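Report on the following structure.
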Amino acid sequence: MKVTLDAPLAARTTLGLGGPARRLVRAEIVAHLHDALALAAAASERVLVIGGGSNLVIRDGGWDGLVIEMALPGVHIVREGSHAIVTAGAGVVWDDLVAETVAARLAGLECLSGIPGLVGATPMQNVGAYGQEVADTITHVRVLDRQTGRLETLSPEACGFAYRTSVFKGSERWIVVEVQFRLAVSELGQPLRYPELARSLGVADGARVPLRVIRDRVIELRRGKGMVVDPQDPASCSAGSFFTNPIVDAATLAAVEARLPAGIAMPRFPAAGGMIKLSAGWLIERAGFTKGYGRGRAGISTKHALALVNRGGATTRELLELANEIQNGVRDRLGVELVPEPVIVGVD
Ligand code: EPU
């Protein structure tokens with residue numbers, strides 16, 4: 001196992017920000033994880049596990065400890081009648097897995113096309129887009145429990161999935177090594193559940209269309225919002241959505257509406273337990289932060305108000321100051337608290 005000292009991390013994130021790691025190892029087999037953890041324990045170092053770096057904000061001082069870069073490979077597909085069990089290593093590129101399942105005529109991940117990052121990161125924040133989330137199809141998550149040093153298999157219930165969160169988010173206890181999904185054998189995708197997607201395909205919400213068609217259209221929609229990582233697209237130099245969509249109760253909704261001028265219709269979506277999901281992107285624009293708004297070399301994407309971008313040469317401090325300004329503005333003007341969605345780590 002190779003240990004790299006003073007390893008640059010910025011290039012390992014889609015934002016391209018952050019200082020170096022004191023030490024970095026690349027885990028290609030599970031034994032590397034055990035060795036890396038032992039190394040860190042011997043030096044009393046903190047451990048940061050990184051995947052594709054697409055949901056990660058590293059502060060300018062970098063990571064004062066050991067970074068494990070996940071690279072566990074492997075995709076296995078086993079057909080069982082009308083379903084297939086798909087098992088993927090944490091280091092598999094997420095969109096390669098989606099492409100492979102679509103090519104194999106397996107439904108359940110097609111709406112999650114074009115999302116950056118690696119398989120192992122998807123259970124963390126229960127990745128979701130265009131009406132699907134990984135919790136819909138995950139049958140188990142295999143983890144290394146750092147408390148016991150043992151490999152365990154966690155059921156979906158034990159993973160505690162909810163909107164953009166799980167037991168893994170904010171916890172250092174588990175390292176995801178493998179994720180298993182149960183997908184339906186089908187030429188057609190699951191019934192569409194995202195009005196914008198159905199509309200753009202010219203079909204009714206709930207319609208079923210071929211997997212390939214859904215995949216291509218989702219990638220197109222994402223590209224239009226700068227949400228497909230592409231060196232040619234400066235708007236994609238981001239960590240995707242920088243804030244989660246706030247989920248509020250009826251009283252909060254009424255309070256927000258009372259602050260809006262008459263005749264302004266705020267987008268809203270029903271959420272679990274009678275709650276209402278608001279659109280963070282809409283709230284940000286409504287609070288006066290237009291697409292393309294900037295602060296130093298950090299700015300709001302020109303294509304989506306919810307993505308903060310490094311326009312080239314930004315610092316993490318500038319980006320976090322911008323995030324803070326947006327949070328304060330949305331709180332002051334609309335009374336809603338925005339919560340950052342990416343994982344923010346490291347020292348200043
Ligand atoms: N909107 C605006 N201005 C904008 C963008 C959006 O007003 O600049 C409003 C519009 O009313 C729009 C609504 O927000 O109809 C929803 O926008 P969009 O469909 O782009 O979805 P989102 O809620 O902003 C979420 C996810 C994305 C995911 C999309 C598509 C979160 C935090 N974000 O964004 O996930 O791709 O839905 O399903 O839930 C990510 O998590 O990094 C991510 C990109």
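The values are calculated or read from the model by the stated rules, or taken from the named source; none is laboratory data. Bear in mind that the values here come from a model prediction, so they are computed numbers and not experimental data. We place every Cβ from the backbone using ideal geometry, glycine too, and count neighbours over all the protein chains shown.
So is Asp332 part of a loop (DSSP other than H, G, I, E, B), charged (D, E, K, R) and away from the ligand (no atom under 15 Å from the Cβ) or not? For Asp332, the condition - part of a loop (DSSP other than H, G, I, E, B), charged (D, E, K, R) and away from the ligand (no atom under 15 Å from the Cβ) - is not met.
Out of the residues in segment 139-171 that are touching a residue at least 60 places away in the same chain (Cβ under 8 Å) and over 18 Å from the mean Cα position of the chain (by Cα), which is nearest to Ala40 (Cα to Cα)? Here the answer is Arg146.
Criterion first (more than 14 Å from the ligand (Cβ to nearest atom) and in contact with a helix residue (DSSP H, G or I) (Cβ under 8 Å, 6 or more places away or on another chain)) does Gly273 satisfy it? Here the answer is no, as Gly273 does not meet what is asked.
For Ile214, only one of the following conditions fails: (1) outside the structural domain of Ala103 (by TED's automatic domain parsing); (2) buried (at least 19 other Cβ atoms within 10 Å of the Cβ); (3) out of contact with any His (no Cβ under 9 Å at 6 or more places or on another chain). What is its number? (1) is the only condition that Ile214 fails. Got a sec? Which of Leu56, Leu72, Leu66, Leu48 is more than 30 Å from Ala314 (Cβ to Cβ) and either among the small types (Gly, Ala, Ser) or crowded, with 21+ Cβ neighbours inside 10 Å (or both)? Testing whether each residue is more than 30 Å from Ala314 (Cβ to Cβ) and either among the small types (Gly, Ala, Ser) or crowded, with 21+ Cβ neighbours inside 10 Å (or both) leaves just Leu72. Within segment 77-103, the set of residues being free of Cβ contacts under 8 Å to residues at least 60 places away in the same chain and within 23 Å of the chain's Cα centre (by Cα) comprises Val92, Val93, Trp94, Asp95, Asp96, Leu97, Glu100. Just so you know, in segment 217-234 the residues that are surrounded by 22 or more Cβ atoms within 10 Å (Cβ to Cβ) and under 19 Å from Leu319 (Cβ atoms) include one that is farthest from the ligand (Cβ to nearest atom), and it is Gly226. Inside segment 43-60, residues that are touching a Gly at 6+ places or on another chain (Cβ under 7 Å), in a loop (DSSP other than H, G, I, E, B) and farther than 12 Å from Ala10 by Cβ make up a count of 6. Of all the numbered requirements in (1) surrounded by fewer than 16 Cβ atoms within 10 Å (Cβ to Cβ); (2) part of a strand (DSSP E or B), Val86 misses one, and that requirement is (1). Could you identify the single residue in Phe242, Phe269 that is more than 30 Å from Leu48 (Cα to Cα) and either under 21 Å from the mean Cα position of the chain (by Cα) or of a type in the set (Phe, Trp, Tyr) (or both)? Checking each option against the conditions leaves just Phe269. Taking the criterion of being closer than 17 Å to Leu48 by Cα, within 16 Å of the ligand (Cβ to nearest atom) and hydrophobic (A, V, I, L, M, F, W, C), the only residue of segment 156-191 that qualifies is Phe168. If you go through segment 172-206 and keep only what is among the acidic types (Asp, Glu) and over 23 Å from the mean Cα position of the chain (by Cα), you end up with Glu187, Asp205. Scan segment 171-183 and give yes if some residue there is in a helix (DSSP H, G or I) and in contact with a strand residue (DSSP E or B) (Cβ under 8 Å, 6 or more places away or on another chain), otherwise no. Within segment 171-183 (the criterion being in a helix (DSSP H, G or I) and in contact with a strand residue (DSSP E or B) (Cβ under 8 Å, 6 or more places away or on another chain)), the answer is no, since none of the residues qualifies.
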